[in-house]
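Please treat every number below as a calculation from the coordinates, not as lab data. Keep in mind the model is a prediction, meaning the values are calculated, not measured. Don't worry about glycine lacking a Cβ; one is built from the backbone with ideal geometry, like all the others, and counts go over all protein chains shown.
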There are 2 protein chains.
Amino acid sequence: MTRDSLIRALEAAESHCTERGEKLTPVRRRVLELVLEADAPVKAYDLLEALKPGPGAAKPPTVYRALDFLMAAGLVHKVEALNAFVGCSHAHDDGGAELFICSDCGSVEERHGAPDPVNMPDGFVIERSVVEHFGHCANCRH
Amino acid sequence: MTRDSLIRALEAAESHCTERGEKLTPVRRRVLELVLEADAPVKAYDLLEALKPGPGAAKPPTVYRALDFLMAAGLVHKVEALNAFVGCSHAHDDGGAELFICSDCGSVEERHGAPDPVNMPDGFVIERSVVEHFGHCANCRH
DNA sequence: TTGCGAGTGGTGATATTATAACATCCTTGA
DNA sequence: TCAAGGATGTTATAATATCACCACTCGCAA
């Protein structure tokens, strides 16, 4: 992600939060920045390390609270199968995204609005879906 | 799961392993039994507890090794979003299953053969998919 | 001004999930 | 017999996540 698009994403996040009546505080903003800067899913404890240059080192709850907030705001998604987090430059309040994760380079593509499953148990009502596809992106397939 | 179908599932698992040139050892068999008996996803450390009545208590690696084996054999699936495991009475060697998990009663339904995503990034090749739907089953929707 | 209450974050401890590293034992087949 | 591989036991520790409690700030209303 370029410097410019990072700045734009952070501004967009800022107004997205404001619209929701919430605050993108410095800690939250910094965590979002770190997640967006990464070009692959980031581990919570790597964020912790990254926040640590200084005497007032961040502790786990700080990071997890920030991530919870960002996930609720739709600014970050958790990759459940990796216990890692990816940023999302285009915030959206709808439920879950469909993620395509390249096992070679770690890049993640996000898609939305997948149709309901064709073969659902009778009467089942979906509330939240986790959809993560692992494989190889066009660049890494050579 | 009834006593009868449990026994049938274990026998099926036995021959499934034999066909693959692998052994369903006592530990593995016991773990599969515990997972199948449960009517909801089971945590690894709950299995550990369940294996513990006796002086030679099982240690974490024992359980995780058994689970790894069973997953490789397609007899057990991991619910990534719960860090829990579900049994699978009809072993199948194809990749991942599509899981429907009721958040109320914990029951899990499994489906196979979902079509490829409609909106995939250009050139992406899927190797493994994690698909987990959380919601409410027909029984719990009242 | 004062005092409440909600929201946020700091801190220490601890719970939960998973693996590393190495030893032991058992089967199988040369 | 003995070496090799697979399975398991054992100790320790890594990695992930949450709890419980306190302190600070801000807005707001008495």
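As I understand it, the value is the acute angle between the Cα axis of helix A:26-37 and the longest principal axis of the Cα atoms of chain A; what does it come to in degrees, rounded to 10? In chain A, helix A:26-37 runs at an angle near 50 degrees to the longest axis. Taking A:Asp122, A:Asp46, A:Asp104 as the candidate residues, the one with maximal mean-square fluctuation in a Gaussian network model of chain A, Cα springs under 10 Å, is A:Asp122. Considering only chain A, the C-beta nearest to the rotation axis that sends A to B is found at A:Glu80, 2, the distance in whole Å. What does the charge count around A:Gly87 come to, taking other residues whose C-beta lies under 11 Å from its C-beta (Lys +1, Arg +1, Asp -1, Glu -1)? With Lys, Arg at +1 and Asp, Glu at -1, the neighbours total -4.
For a label point 7 Å from the Cα of B:Met1 along Cα→C-beta, name the residues of the range B:100-142 whose backbone N is under 19 Å from it. Counting only backbone N, you get B:100-102, B:105-112. With R₀ fixed at 30 Å, the C-beta to C-beta distance from B:Leu10 to B:Ala44 puts the FRET efficiency at about 0.90. Shortest first, B:Arg3 label-point distances to identical copies amount to 7.4 nm, with the label point at 7 Å from Cα along Cα→Cβ. Across peptide B:101-109, the average count of Cβ atoms from other chains found within 10 Å of a residue's Cβ is 2. Given the options B:His90, B:His77, B:His16, which has the most mean-square fluctuation in a GNM of chain B, springs set between C-alpha atoms less than 10 angstrom apart? Maximum among the listed residues: B:His90. Across the identical copies, the label point of A:Ala44 (7 Å from Cα in the Cβ direction) is separated from its matches by 1.6 nm, in order from shortest. Computed over neighbours whose Cβ is under 11 Å from that of B:Asp68, the net charge equals +3, Lys and Arg +1, Asp and Glu -1.
Do you know the relative contact order of chain A, to the nearest whole percent, from alpha carbon pairs under 8 angstrom that are 6+ apart? Walk me through the numbers before you get to the answer.
Working: 178 pairs, mean separation 29.7, N = 142.
With pairs under 8 Å counted, the relative contact order is 21 percent.
Using the Cβ-Cβ distance between A:Val27 and A:Val125 with R0 = 45 Å, the FRET efficiency computed as 1/(1 + (r/R0)^6) comes to roughly 0.80. Report, in degrees rounded to the nearest 10, the 0 to 90 angle that the Cα long axis of helix A:3-19 makes with the longest principal axis of chain A. Taking the Cα atoms of chain A, the angle to A:3-19 is about 80 degrees. Pairs of Lys residues in the protein assembly as shown, spaced 8 or more positions apart or belonging to different chains, with C-alpha separations under 29 angstrom: 24 in total.
For chain A, modelled as a GNM whose springs connect Cα atoms under 10 angstrom apart, the maximal fluctuation among A:Val118, A:Val86, A:Val130 occurs at A:Val118.
Across the identical copies, the 7 Å label point of A:Met71, projected outward along Cα→Cβ, sits 1.9 nm from its counterparts, in ascending order. Counting, for every residue in B:133-142, the Cβ atoms of other protein chains within 10 Å of its Cβ and taking the mean gives 5.
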